[in-house]
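Accompanying notes for the structure given below.
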Amino acid sequence: MKAIICTKYGPPEVLQIKEMEKPIPKDNEVLVKIYAVVVGIEDSIQRKGKPYFGRIFVGFTKPRKHILGTEFAGEIEAVGKNVKLFKKGDEVFGSTGAGFGCNAEYMCMPEEGFLSIKLPKISYEEAAPVCGALAAWNLLKAKANILRGQKVLINDAAGSIGSAAVQIAKALGAEVTGVSCTDNLEFVKSLGADRVIDYTTEDFTENGQTYDVILDVTGKTFVFTLQEFT
């Protein structure tokens, strides 16, 4: 099979397409033929090795995982003998998290992993980013427990997690500010953001505005709350 591999940190040119051995599912795994993959901020961090503190998780001198990609959609081609929840031909979507491995023609996933049946009415391209919405819900509701009327800022508001977070925060009654690049500002507005900030011209950490909750999908900004000093 073909796979896009990353064996050293650097610019996009470090990525290479190579032939690799097609994986064989273990007894508790399914083999997925990949049709769509999300390119997220975690892939950029893994490729560049920046910010440097991220190397604690992805490898100090080179990437630990050579095949990037964490969110995918595809079709199950084979199942291990102990698999009960899925069968050959099932259309699925899911996430490998820190396991990466999606940027290939095939990959194996454990049956008990973050894997679910795709709705027939949505395409593979639409299904792959759904895991970002699940992550956004967990961060905003389960972790931050945002409340109606609170001010919420979403950094990287046009990505798979960020775009879902804008919509979820609005649905929960928050006043939402979305941070993105110039080209994506109108898209972020269309998602329901009350205000947008172009990070190429304005640094939201230096504009004097305060927020009840900041969701920084980029992992680049350190923000402290007053509660942490009282």
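The values are calculated or read from the model by the stated rules, or taken from the named source; none is laboratory data. No experiment lies behind these values; they were computed from the predicted model shown. Methodologically, a virtual Cβ is constructed for each residue, glycine included, from the backbone with ideal geometry; neighbour enumeration extends over all protein chains shown.
General remarks:
- Check on GLY49, surrounded by fewer than 16 Cβ atoms within 10 Å (Cβ to Cβ) and either out of contact with any Gly (no Cβ under 7 Å at 6 or more places or on another chain) or not assigned by TED's automatic domain parsing to the domain that holds LYS26 (or both): no
- When the stretch 60-100 is filtered for residues that are of a type in the set (D, E, K, R), assigned to a strand (DSSP E or B) and more than 18 Å from CYS6 (Cα to Cα), the ones remaining, listed by number, are GLU75, GLU77, GLU91.
- Exclusive hit being among the aromatic types (Phe, Trp, Tyr) and surrounded by fewer than 16 Cβ atoms within 10 Å (Cβ to Cβ), set PHE60, PHE86, PHE72: PHE60
- Here the stretch 1-21 is the region considered, the condition is being basic (Lys, Arg) and assigned to a strand (DSSP E or B), and the residue that is farthest from VAL130 (Cα to Cα) is LYS18.
- Filter pass, LYS33 being more than 26 Å from ASP156 (Cβ to Cβ) and either touching a strand residue (DSSP E or B) at 6+ places or on another chain (Cβ under 7 Å) or buried (at least 18 other Cβ atoms within 10 Å of the Cβ) (or both): yes
- Put simply, of ILE197, ILE146 the only residue that is closer than 30 Å to LYS118 by Cβ, buried (at least 19 other Cβ atoms within 10 Å of the Cβ), at pLDDT 90 or above and over 15 Å from the mean Cα position of the chain (by Cα) is ILE146.
- Test for ALA73: is it at pLDDT 95 or above and under 17 Å from the mean Cα position of the chain (by Cα): yes
Residue-by-condition table, conditions (1) under 23 Å from ALA135 (Cα atoms); (2) outside the structural domain of VAL39 (by TED's automatic domain parsing); (3) out of contact with any Phe, Trp or Tyr (no Cβ under 8 Å at 6 or more places or on another chain):
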site	(1), (2), (3)
ALA78	no, no, yes
LYS81	no, no, yes
LYS84	no, no, yes
GLY89	no, no, yes
SER95	yes, no, no
GLY99	yes, no, yes
TYR106	no, no, yes
GLY113	yes, no, yes
LEU119	yes, no, yes
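- Breaking point among (1) under 16 Å from the mean Cα position of the chain (by Cα); (2) outside the structural domain of GLN46 (by TED's automatic domain parsing); (3) of a type in the set (A, V, I, L, M, F, W, C), for CYS181: (1)
- Scan the stretch 22-56 for residues that are at pLDDT 95 or above and assigned to a loop (DSSP other than H, G, I, E, B) and the total you get is 7.
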